[in-house]
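The values are calculated or read from the model by the stated rules, or taken from the named source; none is laboratory data. Worth saying up front: this structure is predicted, and the values here are computed from it rather than measured. Positions of Cβ are backbone-derived with ideal geometry, glycine not excepted, and every protein chain shown enters the neighbour counts.
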Amino acid sequence: MASTSETGHAKNVANFQDLIEFVTAYGATYNPSKNNLQLPQLITLKAAADNSVAEVIPKNTAFNTKVNERVAAFSDVKILATRLLAALQSTDASAETIADAKTFNNKIQGKSSSSPKTPLDPNAPPPDTISTSQQSYDQLIQHLSGLKSILEADPSYAPNEVDLQIATLDTKIADLIQKNDAVATVYAAVSNSRIARDKILYTNENSLFETAKDVKLYVKAIFGATSPEFAQVKGIQIRKPKL
């Protein structure tokens with residue numbers, strides 16, 4: 001669904017409670033024949049809406065946490081790749097090996113023969129399609145793994161610096177994979193909870209949105225379009241976001 005403030009959903013639920021308060025005050029006069037418009041069902045729907053909104057919050061927090069962890073893990077990949085290439089260039093590696101390593105480093109840096117350098121924005125989600133600069137997180141992992149394979153295959157690459165050694169690179173790549181996969185996992189959880197919330201609030205046949213419309217119509221029917229009672233409820237907004 002389109003980006004919508006979580007407070008917007010909570011406001012809709014709060015407005016539905018206002019609607020409940022008004023129809024409660026009408027007493028026995030409010031007596032719809034349609035089951036889902038009756039007061040007990042309105043109260044039950046409001047409670048379900050409260051729960052659905054509340055369940056999104058911790059999942060969304062977990063998602064943001066994992067995204068931030070991924071950003072931190074990937075933040076030094078470009079610098080690391082440049083250092084690895086420099087370390088290889090200081091060995092007896094062949095010109096062909098160095099050229100192959102440069103190819104992977106260029107991809108990590110966002111360079112290509114057909115497009116200008118594109119800075120990596122670690123806060124942006126992976127693109128819907130593979131970009132020319134191949135800057136999505138999974139591509140960065142692949143490119144770093146490719147660079148590591150070249151270093152690993154060259155017998156002259158044996159740096160004394162621990163953070164440039166193959167074993168350290170293996171650990172780094174494994175951590176990047178874990179951080180990237182963790183984002184996908186928590187995204188699935190928050191996405192599913194939002195779908196469940198949106199069904200209750202907006203898309204089900206008897207959703208909060210649809211029920212509020214029908215309640216207003218019933219109030220209009222029993223009191224009249226110019227009645228003060230209808231004036232009380234007609235302005236209560238349950239705004240349906242673009243889904």
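Some observations on this one:
- The single residue among Pro32, Pro40 that is farther than 19 Å from Ala196 by Cα, surrounded by 13 or more Cβ atoms within 10 Å (Cβ to Cβ) and assigned by TED's automatic domain parsing to the domain that holds Lys213 turns out to be Pro32.
- Ile200 in contact (Cβ under 8 Å) with a residue 40 or more places away in the chain and in contact with a Ser or Thr (Cβ under 6 Å, 6 or more places away or on another chain): yes
- Criterion violated by Tyr157 - all others in (1) over 30 Å from Asn68 (Cβ atoms); (2) out of contact with any Ser or Thr (no Cβ under 6 Å at 6 or more places or on another chain) satisfied: (2)
- Comparison of Thr82, Thr118 shows that the only residue that is at pLDDT below 85 and closer than 23 Å to Asn180 by Cβ is Thr118.
- Number of positions in the stretch 219-242 that are surrounded by fewer than 18 Cβ atoms within 10 Å (Cβ to Cβ) and assigned to a helix (DSSP H, G or I): 6
- Which listed residue is in the same structural domain as Leu140 (by TED's automatic domain parsing) and not in a helix (DSSP H, G or I), from Ala87, Ala93: Ala93
- The residue that is farthest from Arg194 (Cα to Cα), counting only those in the stretch 219-243 that are touching a residue at least 12 places away in the same chain (Cβ under 8 Å) and of a type in the set (Val, Ile, Thr), is Ile222.
- Filter result for Asn180 (assigned to a loop (DSSP other than H, G, I, E, B) and polar (S, T, N, Q)): no
- Lone unmet requirement of (1) in the same structural domain as Leu84 (by TED's automatic domain parsing); (2) modelled with pLDDT of 95 or more; (3) within 30 Å of Thr65 (Cα to Cα) for Ser149: (3)
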